[in-house]
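**Q** Below you will find the structure I want to go over with you.
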Amino acid sequence: MKIQLSEHFTFKKLLLFVYPSVIMMIFTSIYVVIDGLFVSNYVGKTAFAAINLISPFIMALSALGFMMGTGGSAIVAKTLGEGKKQKASEYFSMLVYITALGGVLLSIAGIALTPAVARLLGADGDLLRNCTIYGRLGFITLAPFMLQNAFQSFFVAAEKPKLGLAVIVIAGVTNIGHCRSRHRHLLWRADRRLLPDTLFCTPQECHPAFGQNTF
């Protein structure tokens with residue numbers, strides 16, 4: 001049953017309209033849980049601790065996507081309700097461009113700041129190295145992740161919450177399918193020095209004591 005925003009909402013209609021969004025938020029919330037599940041089982045406790053330590057930093061910077069989606073969809077929906085479709089399209093385009101550009105800039109900033117933030121949170125040694133590896137891998141895909149979060153709200157404004165749910169479910173299943181090979185391969189190799197640290201951080205970033213005279 002297709003429900004339009006212009007309709008009068010009964011309790012049943014409201015539940016039918018919002019349940020895809022509720023499931024979308026659940027899937028988004030378990031992304032990090034899935035990462036932790038595979039890393040704790042296949043890599044070890046140090047890598048698992050690194051995920052839990054640096055993930056809040058990644059999510060904090062990705063909040064721009066939620067903000068643009070939540071606030072932006074309200075503006076777009078209001079403008080559509082006023083019958084100004086062209087203006088609504090302009091708002092939508094502007095918000096998408098801002099989210100994409102902001103994602104790229106925040107991704108660069110996050111990659112640069114990850115070692116410093118990890119040290120500020122108390123990481124050192126292997127924990128610091130794993131925080132830097134996981135954090136920088138996460139920031140590489142920050143812009144698409146932010147756009148995905150923003151489009152969750154825009155799908156609702158476009159009266160297509162089920163399409164948004166389908167996208168999130170596909171993304172979640174893909175995440176689960178790739179987690180095992182991705183984390184097991186990259187972090188396993190990094191833990192055993194088979195993957196050069198310099199691919200993700202300089203020796204000074206991952207090992208602050210590098211080059212210091214210990215005598």
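**Q** Could you put Ser89, Ser21 in order, starting from the residue whose Cβ has the fewest other Cβ atoms within 10 Å? Present the calculation step by step, with values, prior to reporting the outcome.
**A** On the way: Ser89 13, Ser21 18.
If I rank by nearby Cβ atoms, fewest first, I get Ser89, Ser21.
**Q** Moving on to the next point. Please give every one of the lysines within straight-line cross-link reach of Lys87, meaning a C-alpha to C-alpha distance under 18 Å, and leave out same-chain neighbours fewer than 8 residues apart.
**A** Partners found: Lys78.
**Q** If the reach is capped at under 30 angstrom between alpha carbons, list the lysines near Lys84, excluding any in the same chain fewer than eight residues apart.
**A** Qualifying lysines at Cα under 30 Å: Lys2, Lys12, Lys13, Lys160, Lys162.
Read-outs throughout are calculated quantities, based only on the coordinates presented, and are distinct from any laboratory measurement. From a predicted model like this one, the values you see are computed outputs, not experimental measurements. When we count neighbours, we look across all protein chains shown, and the Cβ atoms used for this are built from the backbone with ideal geometry, even at glycine.
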